[in-house]
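Enquirer: My structure is below; once you've seen it, I'll send some questions.
The values are calculated or read from the model by the stated rules, or taken from the named source; none is laboratory data. Because the structure is predicted, anything quoted here is derived from the model rather than measured. Neighbour counts are summed over all protein chains in view; Cβ atoms, including those assigned to glycine, are modelled from backbone coordinates with ideal geometry.
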Amino acid sequence: MKIGMIGLGRMGMNMGRRLLEGGHEVVAYNRTPAKTEEIAREGATPTYSLAELTARLDPPKVVWLMLPAGETVDQHLAELAELLGPGDIVVEGGNSFFKDDLRRAASLQEKGIHYLDAGVSGGIWGLKVGYCTMIGGEEKPFRQIEPLLETLAPPEGYMHCGPHGAGHFVKMVHNGIEYAMMQAYGEGFALLEASPYGPGLDYAAVAKLWNRGSVIRSWLLELLEPAFASDPRLTTITGHVDDSGEGRWTVQQAVEYGVAAPTIAISLFQRFQSRNPDAFENRVLAALRREFGGHPVKKADQQ
């Protein structure tokens, strides 16, 4: 299947590679040409404008966006709306707010263009293990892009979640849960560190132990093993932890719907706190974000 991939950052580049490995034709575009040329050397068709990208696709044209949420997505969609036609499909795969999907889908529908919102989880490990993908939108275009999803996702790793906005809403809640899980691990290791047993504990070994049959085993805990192995007390990074929007939106929706979500809310507020005095549990969070998503960390000597 042929697909236009727009945005070749940490996620988009590796998604393009996984599609190429799966036998799909990838027509690639990135704002900075160097990324486009990089994936071209691996078999993708390079393009240097949205007009060139859409011209190289076959109808019904499928375009997948992996861009920073917000105005950048809107700008690209406005241009694509003039380049695509009835029956073509746009997949918004970034971390967009689900209410933005409703507005965007309605605007594109006026031109007969289908819009799907795709919540994508997998971070920098997705190329190897696949991307868990949550789709919102109409059933027909979902079925049309299913061969792409089968390649991108691990077995049983994608789902049509419902109408427009459902994919990004499910991904938003997923990320809220992720915030809370990471916070719990951070607090737990901080408690170990504060105890008289902390100095004698190998935290990489503890993380490995807990992943051998315990009820708190998880992929996040697996990622703490190499983080602690390379930096046993995480002294080379600060506890500054950014948030990329989904946690805030999850808490906002919990307030709007009257749903108690105190653990997720506290984990979000802890990230705000992390930008002030340094704390061990926040260094755990910063290390985890680096390990699973390739997110940058602030070095201890940059304080």
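Rundown of residues vs (1) among the charged types (D, E, K, R); (2) modelled with pLDDT of 95 or more, yes/no style:
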site: Glu110; (1), (2): yes, yes
site: Asp117; (1), (2): yes, yes
site: Gly122; (1), (2): no, no
site: Tyr158; (1), (2): no, yes
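Enquirer: Could you say which residue among Leu65, Leu50 is touching a Gly at 6+ places or on another chain (Cβ under 8 Å), surrounded by fewer than 23 Cβ atoms within 10 Å (Cβ to Cβ) and either over 29 Å from Lys111 (Cα atoms) or assigned by TED's automatic domain parsing to the domain that holds Ile89 (or both)?
Expert: That would be Leu65, the only listed residue that is touching a Gly at 6+ places or on another chain (Cβ under 8 Å), surrounded by fewer than 23 Cβ atoms within 10 Å (Cβ to Cβ) and either over 29 Å from Lys111 (Cα atoms) or assigned by TED's automatic domain parsing to the domain that holds Ile89 (or both).
Condition check ((1) assigned to a helix (DSSP H, G or I); (2) outside the structural domain of Gly126 (by TED's automatic domain parsing); (3) within 17 Å of the chain's Cα centre (by Cα)) across all residues:
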residue: Val259; (1), (2), (3): no, yes, no
residue: Ile264; (1), (2), (3): yes, yes, no
residue: Arg271; (1), (2), (3): yes, yes, no
residue: Asn282; (1), (2), (3): yes, yes, no
residue: Leu285; (1), (2), (3): yes, yes, yes
residue: Glu291; (1), (2), (3): yes, yes, yes
residue: Pro296; (1), (2), (3): no, yes, yes
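Enquirer: Step by step: first the residues of segment 224-241, then only those that are touching a Lys or Arg at 6+ places or on another chain (Cβ under 7 Å) and either surrounded by 19 or more Cβ atoms within 10 Å (Cβ to Cβ) or among the charged types (D, E, K, R) (or both), then the one that is farthest from Leu285 (Cα to Cα). Which residue is that?
Expert: Going through the qualifying residues, I end up with Glu225.
Enquirer: Testing Thr250 on (1) surrounded by fewer than 18 Cβ atoms within 10 Å (Cβ to Cβ); (2) part of a helix (DSSP H, G or I), one condition comes back false. Which one is that?
Expert: Tallying (1) surrounded by fewer than 18 Cβ atoms within 10 Å (Cβ to Cβ); (2) part of a helix (DSSP H, G or I), Thr250 fails exactly one: (1).
Enquirer: Inspect all residues belonging to segment 8-18 and state whether any of them is touching a Ser or Thr at 6+ places or on another chain (Cβ under 9 Å) and either without any contact (Cβ under 8 Å) to a residue 24 or more places away in the chain or more than 29 Å from Arg290 (Cα to Cα) (or both). Full working, then the answer.
Expert: So the first thing to find is which residues in segment 8-18 are touching a Ser or Thr at 6+ places or on another chain (Cβ under 9 Å), and the list is 8, 18.
From the residues that got through so far, the ones that are either without any contact (Cβ under 8 Å) to a residue 24 or more places away in the chain or more than 29 Å from Arg290 (Cα to Cα) (or both) too are none.
The answer is no; no qualifying residue exists.
Enquirer: How many residues, within segment 125-162, are in a helix (DSSP H, G or I) and not polar (S, T, N, Q)?
Expert: 16
Enquirer: Residues in segment 210-218: is at least one touching a residue at least 24 places away in the same chain (Cβ under 8 Å) and part of a helix (DSSP H, G or I)?
Expert: Taking every residue of segment 210-218 in turn, none turns out to be touching a residue at least 24 places away in the same chain (Cβ under 8 Å) and part of a helix (DSSP H, G or I).
Enquirer: For residues that are part of a helix (DSSP H, G or I) and touching a residue at least 12 places away in the same chain (Cβ under 8 Å), scanning just segment 68-87, find the one that is surrounded by the fewest Cβ atoms within 10 Å (Cβ to Cβ).
Expert: In this case the residue turns out to be Glu79.
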